[in-house]
Amino acid sequence: MGFGKGMAEKLDLPKEVVLDLPLVSMVGQEEVTVENHKGLLEYSAETIRIATGAGRLLLTGEGLELKQMSAACIVVKGRIFRLEFLR
Amino acid sequence: MRNLLPVLWYYLRGYVMIRITGFSMERFMNLAAYRRILFWDAKGVGGGMEMKTSLAGLKELEECAQKTGCHLEILALGGLPEKMRHAKTHPIFAVGILFFAATLYVLSSFVWVVHVEGNERLTEEEILTACEAYGLKPGKWKKQVDADAVTKALLADISDLSWVSVSIKGAEATVKVAETIVAPTPMEEETPCDIIAEKDGVVEKITAAKGTPLVQAGDVVQAGDVLISAEVLVGLEGEPMETEYVAASGSVQATTWAEVTEEQMLTETEKIFGGKEKENHVLLFGDLELDFIKPHMESDFDKEVLEEKNMGLGDWTLPFSLRTEVYRPYETAEKTYTVEEAKALLEAKCKEKAAEGLAEGESVAQTEIRYETYTDRVRAVCKVTLSEEIGKKQVRKEFDVEDESNRENHSVGE
């Protein structure tokens, strides 16, 4: 892992590709896109847990909704309060 | 955008709304995602989950549900194919769509707006009235308008036009014109004329560029008096002089007098704007104004038109336009002036009025104001002394080209 990280930094390669990390982007409080995920672990209107290469990602909020899901990315819509990595 | 495109695609192709119930719905979703079946708008409803997916993926999803021990239920079909099916069973929808298309077609086959471009000396109305006479006006059916005929007729009718192009695009007709170059009127330079006084006054300064000056500084002249004559005596000294006629030119500055009266009421109602301004939208169809929703105003208000926008797409103009107005509420208040204040106001007004229309080099030399005070108003009578140009060209009677009979006499004489 240390070698990959150093190389990614030196060569300025996208880390999410080299290190198999999730790319999380957020639009305000209302939308989160998680790319490069490893599957959905839990789903309800208040909490969503997603497995990623950097551990489990926990989203808490209200009225959460899966706007779209595919093997490559998950788009969550709703009012997001917290975004947390569980180790 | 990335997410919108497939969703739009599935909207056109048709999609299914399904409901999943069971213990491990997450496993079901992971499996579906792994198998590259797209689903969207998933939301938890009660104990289960509702989502939309493509028609093609439905069969595989059923497999997924079976594997993960979930129960899959089809709620409804959606998308365009479904809408079409719906339209088939409800003919009135189809009729509505057709009616809309037909209305749009009919409305766009009329000329609704006529634009004039390129006119400088001619007014837009002149050209529009001429166009109207040959059948090009708002409200005409496009097929009835013969653009070539209108072009020819305009050229023949208005002599001042050298080029005309009539084009109809959408519901808009554009008349492009080019005006001829006017030949300068020969009278200016050649026709013998005198410089006469326009007003009564005392001559201050006289400069004759051409012609014989007849007055001097200090002379009192009356309106109509000849100041610079067109007659010039030419000839060598000692020989009989000959009279020649020229177009007199020069400037005559004189002191003139004028009287200006102004009035000022002592109490005036004044509008004090304030409060919340409200916007109003008016739909215009030709001359018809349709104002469906008027804002409720508690006090008096002034209207101001902000903009008028034609409703149409690009080159397509429709006979509708939308006018945006703003209503400004005001309260009226009585404003009273003292006599002194009124006088000050009047003085400024009088001076402004006196200076009105003065050209460069002309000035107001003196003002003398007499005030008359009444119970409710003050009246100012202002005697203004002006220093202005009073010379005016006048064609010599015997050389007037406009006068037919004169010209005939002239030729007979020769």
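The values are calculated or read from the model by the stated rules, or taken from the named source; none is laboratory data. Quick caveat, the model's predicted, so the values are computed rather than measured. Positions of Cβ are backbone-derived with ideal geometry, glycine not excepted, and every protein chain shown enters the neighbour counts. Accessible surface areas use protein heavy atoms only, side chains included; no ligands, DNA or RNA. Shrake-Rupley method; radii C 1.70, N 1.55, O 1.52, S 1.80 Å.
Things to note:
- Solvent-accessible area buried by pairing A with B, both sides, nearest 100 square angstrom, 1.4 angstrom probe: 1400
- For chain B, calculated [θ]222 nm from helices alone, where every DSSP H run of n ≥ 4 adds -39500 (n - 2.57): -8000 deg cm²/dmol
- The range B:347-398, dipole about Cα centre (Lys/Arg Cβ +1, Asp/Glu Cβ -1), debye to the nearest 20: 260
- With Cα atoms, 0 to 90° folded angle of helix B:58-68 axis to chain B main axis: 50
- In this structure the protein assembly as shown gives 63 Å² per residue of accessible area when probed at 1.4 Å with all protein chains present.
- For the range B:252-257, the Karplus equation 6.51 cos²θ - 1.76 cosθ + 1.60, evaluated at θ = phi - 60°, returns couplings of 10, 9, 9, 8, 10, 10 Hz by residue, with Gly and Pro reported as x.
- Charge dipole of the protein assembly as shown (Cα centre as origin; +1 on each Lys and Arg Cβ, -1 on each Asp and Glu Cβ, all else neutral): 6220 debye, rounded to the nearest 20.
- Accessible area per residue was computed with a 1.4 Å probe on protein heavy atoms; A:ASP12 scores about 130 Å².
- Comparing B:ALA197, B:ALA32, B:ALA223 in a Gaussian network model of chain B (Cα springs below 10 Å), the most mobile by mean-square fluctuation is B:ALA32.
- Panel note: contact residues of the range A:58-79 (accessible area lowered by at least 30 Å² against the chain on its own; 1.4 Å probe) correspond to A:GLU65, A:LEU66, A:LYS67, A:GLN68, A:MET69, A:ALA71.
- Only one residue of B:ALA171, B:THR129, B:LEU154 has its Cα farthest out toward the positive end of the dipole of the range B:110-179, where Lys and Arg carry +1 and Asp and Glu -1 on Cβ, and that residue is B:ALA171.
- List of the range B:29-50 residues, accessible area with partners at least 30 Å² below that of the chain alone (1.4 Å probe): B:MET29, B:ASN30, B:ALA33, B:LEU38, B:PHE39, B:ASP41, B:ALA42, B:LYS43
- Two-decimal log10 I(q)/I(0) for chain A, as the Debye equation yields it once each C-alpha is a single scatterer, q = 0.11, 0.16, 0.18, 0.25 Å⁻¹: -0.32, -0.61, -0.74, -1.19
- The amide H of B:ALA223, built 1.01 Å from its N in the peptide plane, has B:ASP200 as neighbours under 5 Å, considering only residues 5 or more places off or on other chains.
- For chain B, the Cys residues with no second cysteine's beta carbon closer than 4.7 Å are B:CYS64, B:CYS70, B:CYS131, B:CYS193.
- Full extension of the chain segment joining B:SER159 with B:ALA147 gains 2.4 nm, where the gain is 0.36 nm per residue of separation less the Cα-Cα distance.
- Fully extending the segment from B:LYS137 to B:SER363, taken as 0.36 nm per residue of separation minus the present Cα-Cα distance, adds 76.4 nm.
- Taking label points 7 Å from Cα along the Cα-to-Cβ direction, A:ALA54 and B:THR332 give a separation of 7.1 nm.
- B:PHE100 accessible area, assembled protein chains, probe 1.4 Å, Å²: 130
- Taking a straight Cα-Cα cut-off under 23 Å and skipping sequence neighbours fewer than 8 places away in the same chain, the lysines within cross-link reach of B:LYS169 are B:LYS137, B:LYS140, B:LYS142, B:LYS143, B:LYS152, B:LYS309.
- Solvent-accessible area of the range B:269-335 (1.4 angstrom probe, protein heavy atoms only): carbon and sulfur portion equals 52 percent.
- Entry note, chain B: relative contact order of 12 percent, from Cα contacts under 8 Å with a spacing of 6+ residues.
- Kirkwood radius, the protein assembly as shown, all distinct C-alpha pairs, inverse of mean reciprocal distance: 34.3 Å.
- Distance from the C-alpha centroid of the range B:18-42 to that of the range B:67-135: 41 Å, rounded to the whole angstrom.
- For B:MET84 and B:ALA56, a Förster radius of 25 Å and the Cβ-Cβ distance give a FRET efficiency of 0.85, rounded to the nearest 0.05.
- The apolar share of the surface of the range B:4-83, taken as the fraction of accessible area on carbon and sulfur atoms (1.4 Å probe, ligands and nucleic acids excluded), comes to 59 percent.
- Mean Cα-pair separation over length for the range B:4-83, i.e. relative contact order, pairs under 8 Å, 6 or more apart, %: 49
- Pairwise centroid distance, computed over Cα atoms, of the range B:226-293 with the range A:24-49, Å: 75
- Sequence of B:GLU204, B:GLU259 when ordered by accessible area, the most exposed leading, probe 1.4 angstrom: B:GLU259, B:GLU204
- Taken residue by residue and averaged, Cβ atoms of other chains lying within 10 Å of the Cβ of A:39-45 number 5.
- The range A:21-86 - percent of accessible surface contributed by carbon and sulfur, probe 1.4 Å: 53
- Dipole in debye (nearest 20) - the range B:4-83, about Cα centre, beta carbon charges: Lys, Arg +1; Asp, Glu -1: 160
- Dipole of the range B:1-139 computed with +1 at Lys/Arg Cβ and -1 at Asp/Glu Cβ about the Cα centre; of B:CYS64, B:ALA94, B:MET51, farthest Cα towards the positive end is B:CYS64.
- Here, the range B:110-179 yields an orientationally averaged convex hull projection of 3.8 nm² when only Cα atoms define the hull.
- Using θ = phi - 60° and Karplus 6.51 cos²θ - 1.76 cosθ + 1.60, couplings along the range B:114-129 (whole Hz; Gly, Pro as x): 10, 9, 10, 10, x, 7, 10, 8, 6, 8, 4, 4, 4, 5, 5, 5
- Here the average projected area of the convex hull drawn through the C-alpha atoms of chain B stands at 42.3 nm².
- Residue by residue, the range B:232-238 carries 3J(HN,Hα) couplings of 10, 8, 10, x, 6, 4, x Hz when phi is fed to the Karplus relation 6.51 cos²θ - 1.76 cosθ + 1.60 (θ = phi - 60°); x denotes Gly or Pro.
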